[in-house]
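Here is the structure we will look at, set down as structure tokens.
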């Protein structure tokens, strides 16, 4: 991926810089990009392409990221409303460079993706669930995941992967105790 | 045994740097492609279609002949290569060629990948293996038939193993297997205990999909790239009446307007400024004639069509007796549906000048990159050599990415501005210009004797064009093809009865609707099967015969595989008792897709009056597409198809407003969500001696009629208009 900073310099307009913490690193945004959605800034400014554009209206969930620990739809989140917050994207989910995040591993184990386009959003939404509800029921999973669409219809496997990841997370927290 | 020929290679790419390669040949092309039209160069058994190479390090490389959109066909083909070469799937490196790197190859559509490519790929890999065996025999100095297979190479008793790397040199060798005798194909050898084929290989690239690293066309970024969008008409036939672009030019980040007749493009420096600029454009459209739902309904009304006598096309016509004593006579309405793939289409185009010659590069997710190349060349006045399409992974296809559309937007804007341009269609753009599945109107009549033996079959219907839709072919050729092709095969798909009847007439009429249409998963296979299986179910119930028994009784011997699916699914369904409470129902349906794919589905559901909802509780499916190359991925396709059948039966409908496609996003085009998904029980029937057939659009055809039949079981109502809503059930006299 080619860095965009060259062309962004040319677009800098007067106005204060703003900061975001993206995947644990402080990043500065300036110029007209402050007027952009979080999705555009992540994808086009920082080249974090894993967050996908699906509907532009917060209706499908493909663009889901976490802002201060809560899953949000980045396509309808304006960056200038979230200055100073911490943003977590699919690229930052994996903490251990040797090992995928349990949700990512469960997604592979259950062979969830077909076209794969929605799954960054699915996984980020699922992390929004599991980070607070370690042992969700099927009803809780349905309720929480219902807002993220998958046109390929991989829902059954998504559900199985979430249940599997919940067990993996439980086991890893048991070993740490 | 294959001949080894040395050739000077056309291109000095890294691909042909050294080692041994299987040549690709388009010599056996089915039909020469026209500039505007689908790419139809499919392989046959002689053409050695897979592009395989073993490089001098012994590593096996494969050029993927299929575009990837979630069906994982290339993983299946890699399993075949692995089987033939005695290696593991993970040992094969996959490459996705651009349109300049290989000869054209048929579009990725119609669930043809396994059917058309599995054997050529197996032949290519087996030819390579046997050639290498000859080399090993020379080194071992023994007759070739004494050289035994081993993992990644060969062996003879008492000598060290020879790996493929020991048999391949840095010299480029092209192995031409067109004229050779076909070697033993391990993939299709029923005696062989297979190690790769039939296994549940992990889909290639899955890790990139869960880490966000997978690259789709909208992810491409080029230095100096700008963002463009073309103002889309509200419906196909609309013409530009008034346009005011003044406010757009004042938006911070605005770059340029590109206008050529009704083509109006806006180019900006950021995605957000582009949104603002496009929103500020004041545009008025006019229509040569009013377009609305009522008009569309009239155009395809089957009863109006039948007033003129016989319909122009027949699928089957034997001993027809119009005045038979019909036991059932039903009218059906199937809705306009769209693909709504998760990734709205996007393309990046860039024109560069090399040695004074302009070349355009286009990155796009398309089911037919060579069609995009040809069409683009004719659209912007380039020669085909000046166009290179870089096919990208697609976020869903389903038949919705076979035309030159978003690529046209990007190519024209790149040409006009001289800069790299990214065009990301909005979801609203997708809805406005989507190639939707045509609505259709059907009348189906059946008669049987008192024992339930079918005697008379009459299915008549009208539908918009499916395959021969606008811009499928050049404007001058399309009307010719429509009148000479003997009927649009997209419209007739699925209309051929699987059942036997002494009198049969299946007829249809194609209508040129004033909205954009195209191919959608299964083409008209799902609508036609919905009609057939609903009517068969109704006749069985009216004759007080168990619907499954009734269908089995009327299937000819040639449909044994279909009957087997139906029996299996009945057994699966009976494993769980249906509650005897009122409002619970079970329905069955079956169908054949493209002659060789057989499926049966059962549905258990209940009507939840409190939630005012039709709730699907359980779906069982038995499917037989012959050899199961990757059973897990077959299951995945079945799951997907079953989910689609729920959408078709109960939710999805593109609304047409006054002079516009009114559905424009997921709030007014409802697709299934997680809570809509029932328990799924799937039986993949493996028939290892039967050549694999398509699986990507099979279960869908039986899913929606099984739902309608279960509603009939639960409520006594035969509902014939899709999508079926809860309110249809509460309205008295819905039959």
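Details
- Among the residues of the stretch B:90-116, those that are crowded, with 24+ Cβ neighbours inside 10 Å and in a helix (DSSP H, G or I) comprise B:113, B:114.
- Of all residues making up the stretch B:305-319, the number that are assigned to a loop (DSSP other than H, G, I, E, B), over 18 Å from residue B:531 (Cβ atoms) and in contact (Cβ under 8 Å) with a residue 40 or more places away in the chain: 3
- Only strands (runs of 3 or more DSSP E) whose full extent lies in the stretch B:200-304 are considered here, and the ones with at least 2 residues that are more than 14 Å from chain A (Cβ to nearest Cβ) and either over 35 Å from the mean Cα position of the chain (by Cα) or surrounded by 20 or more Cβ atoms within 10 Å (Cβ to Cβ) (or both) are B:239-244, B:254-260, B:263-268, B:282-286.
- Conditions (1) in a loop (DSSP other than H, G, I, E, B); (2) more than 7 Å from chain B (Cβ to nearest Cβ); (3) closer than 29 Å to residue A:55 by Cα: number failed by residue A:153: (2)
- For residue B:308, the conditions (1) under 34 Å from the mean Cα position of the chain (by Cα); (2) modelled with pLDDT under 95; (3) assigned by TED's automatic domain parsing to the domain that holds residue B:528 are fulfilled apart from (1).
- Looking only at the stretch B:395-425, residues that are under 18 Å from residue B:39 (Cα atoms) and within 10 Å of chain A (Cβ to nearest Cβ) come to 2 in all.
- Residue A:135 in the same structural domain as residue A:28 (by TED's automatic domain parsing) and either surrounded by fewer than 18 Cβ atoms within 10 Å (Cβ to Cβ) or in contact with a helix residue (DSSP H, G or I) (Cβ under 8 Å, 6 or more places away or on another chain) (or both): no
- Hits in the stretch A:83-124 - residues which are surrounded by fewer than 18 Cβ atoms within 10 Å (Cβ to Cβ) and touching a strand residue (DSSP E or B) at 6+ places or on another chain (Cβ under 8 Å): A:83, A:84, A:86
- Selection count, the stretch B:609-638, where residues are crowded, with 23+ Cβ neighbours inside 10 Å and outside any loop (DSSP other than H, G, I, E, B): 13
- Of the set (1) in a loop (DSSP other than H, G, I, E, B); (2) surrounded by 24 or more Cβ atoms within 10 Å (Cβ to Cβ), all apply to residue B:705 but (1).
- Residue B:692 out of contact with any helix residue (DSSP H, G or I) (no Cβ under 7 Å at 6 or more places or on another chain) and under 25 Å from residue B:76 (Cα atoms): no
- Here the stretch B:426-450 is the region considered, the condition is being farther than 26 Å from residue B:641 by Cα and at pLDDT 95 or above, and the residue that is farthest from the other protein chains (Cβ to nearest Cβ) is B:449.
- From the list B:681, B:664, B:668, the lone residue that is in the same structural domain as residue B:333 (by TED's automatic domain parsing) and either in a helix (DSSP H, G or I) or under 20 Å from residue A:114 (Cβ atoms) (or both) is B:681.
- Within the stretch B:339-365, being more than 14 Å from chain A (Cβ to nearest Cβ) and either in a loop (DSSP other than H, G, I, E, B) or farther than 25 Å from residue B:437 by Cα (or both) holds for B:349, B:351, B:352, B:353, B:354, B:355, B:356, B:357, B:358, B:359, B:360, B:362.
- Per the listing A:50, A:61, the residue uniquely out of contact with any strand residue (DSSP E or B) (no Cβ under 8 Å at 6 or more places or on another chain), part of a loop (DSSP other than H, G, I, E, B) and touching a residue at least 12 places away in the same chain (Cβ under 8 Å) is A:50.
- The residue of the stretch B:642-671 that is nearest to residue B:625 (Cα to Cα), among those that are at the interface with another protein chain (Cβ under 8 Å from one of its Cβ atoms) and surrounded by 24 or more Cβ atoms within 10 Å (Cβ to Cβ), is B:642.
- Complete set of residues in the stretch B:229-256 that are farther than 30 Å from residue B:293 by Cβ and in contact with a helix residue (DSSP H, G or I) (Cβ under 7 Å, 6 or more places away or on another chain): B:247, B:248, B:251, B:252, B:253, B:254, B:256
- One residue stands out in the stretch B:472-492 among those that are in contact with a strand residue (DSSP E or B) (Cβ under 8 Å, 6 or more places away or on another chain) and within 28 Å of residue B:539 (Cβ to Cβ): the one that is surrounded by the most Cβ atoms within 10 Å (Cβ to Cβ), namely B:491.
- Qualifying residue in the stretch A:78-89 (condition: facing chain B (nearest Cβ under 10 Å), farther than 27 Å from residue B:673 by Cβ and more than 9 Å from the chain's Cα centre (by Cα)): yes
- Failed criterion for residue B:631 (all others in (1) within 14 Å of chain A (Cβ to nearest Cβ); (2) out of contact with any strand residue (DSSP E or B) (no Cβ under 8 Å at 6 or more places or on another chain) hold): (2)
- Count - residues of the stretch A:130-150 that are over 30 Å from residue B:399 (Cα atoms) and within 14 Å of chain B (Cβ to nearest Cβ): 8
- Residue B:315 being touching a strand residue (DSSP E or B) at 6+ places or on another chain (Cβ under 6 Å), under 30 Å from residue B:250 (Cα atoms) and buried (at least 18 other Cβ atoms within 10 Å of the Cβ): no
- Just so you know, in the stretch A:28-37 the residues that are away from every other protein chain (no Cβ under 11 Å) and either at pLDDT 95 or above or buried (at least 17 other Cβ atoms within 10 Å of the Cβ) (or both) include one that is nearest to residue B:208 (Cα to Cα), and it is A:29.
The values are calculated or read from the model by the stated rules, or taken from the named source; none is laboratory data. These numbers were taken from a predicted model, which means no experiment stands behind them. Counting neighbours? That spans all protein chains shown, and the Cβs are built from the backbone with ideal geometry, glycine included.
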